[in-house]
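Here's the structure, in C-alpha cells; my notes come after.
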Amino acid sequence: MTNLSPNSTSTWRRLQAKWQAAGPRGLLATGWMWFWMRWSGWGYLGKIATVIATWLAPPYYARRCLARYHPQGYIAPGATIYHQLLQLGANIFIGDRTTIFQDRDGGQIILGDRVHLYGDTYIQTGYGGTIEIGNDTQIQPRCQFSGYKAPIKVGSGVQIAPGCAFYPYAHGMEAERPIQQQPLTTKGGIIVEDNVWLGYRVIVLDGVRIGQGAVVGAGSIVTKDIPPGAIAVGAPARVVKMRSAPELSKI
C-alpha cells in the first residue's frame with residue numbers, strides 16, 4: 001500500500017470535501033484556481049496568472065483559499081505595494097485595495113506566515129518607523145498602521161476588527177506654530193502581544209503595550225498599557241474585568 005504524506009492526505013481530504021459540497025463544478029473551480037496560483041507572482045506574468053486564478057474564485061473571504069495554493073500566498077490584483085523593505089512570510093493573504101507604502105526613510109515591514117490583510121487596509125512606514133506582524137494574525141478591512149517615529153509590533157494570533165488604527169506618534173500643539181508645521185512626537189512604540197482581540201474601531205496610541213490574551217472593546221482608545229488577560233473598554237480604555245483562568249488556558 002502506498003503511504004501518503006501528511007500534505008498529500010490533507011490535499012486529498014480537501015478535494016473530497018469540495019466534491020461533496022459543490023460537486024464536479026466546485027472541484028473544477030478548485031483545480032482552476034490551484035493551477036493558475038502555482039504561476040502567480042510579483043512579475044508581470046505572475047500578476048496575469050493571479051488575475052486568471054480569480055476568474056472562478058468567489059469574492060472576499062472566499063478567496064482565502066488562494067493563499068494556500070502558492071508558497072508566497074495571494075496578493076490581490078487590486079492591491080498596491082510600494083515598499084522596498086517589505087518581507088513576506090509564507091501563505092499570506094493581501095486583499096483588494098490594500099496599500100503597503102514606504103514614505104521617505106521608512107523602515108521595514110515584516111508580515112509573518114499566514115497573515116491576512118483584508119480590503120482597504122493601509123500599512124505604511126516613514127522616518128523612524130517599522131512594522132512587524134506575527135504569524136496567523138488577521139486584520140479585517142479598513143484598518144490603518146502608520147509606522148512613523150517608533151515601531152509597531154503585533155504578535156501572533158491577533159484578531160483585529162475593521163476600522164482599527166495604530167499611531168505610535170502624536171502631533172505637537174505649540175501655540176506659536178501653525179498646525180501643519182508641528183513636529184511629530186512619541187512616547188515610544190506600540191506592542192500588541194500574542195492572541196489579543198481588538199474590537200471594531202479601536203485606536204491604539206503611542207507608548208502602549210497590550211498584554212497577551214487581552215480583549216479591547218469596540219470604539220475604545222488605548223492610551224495606557226493593558227495587562228495580559230484583561231478586558232478593557234472606553235475612551236480612554238480602562239480595565240473592567242479579567243478573563244477567567246479556563247479562557248486563558250486555551251491561549
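The values are calculated or read from the model by the stated rules, or taken from the named source; none is laboratory data. This is a predicted model, so every value here is computed, not measured. Here Cβ is always computed from backbone atoms with ideal geometry, including for glycine, and neighbour counts include all displayed protein chains.
Miscellaneous remarks
- Checked against the criterion of being assigned by TED's automatic domain parsing to the domain that holds G213, of a type in the set (K, R) and over 26 Å from R201 (Cα atoms), the candidates R104, R97, R142, R114 yield just one match: R104.
- Taken together, I152, I110 contain a single residue that is out of contact with any His (no Cβ under 8 Å at 6 or more places or on another chain) and buried (at least 21 other Cβ atoms within 10 Å of the Cβ), which is I152.
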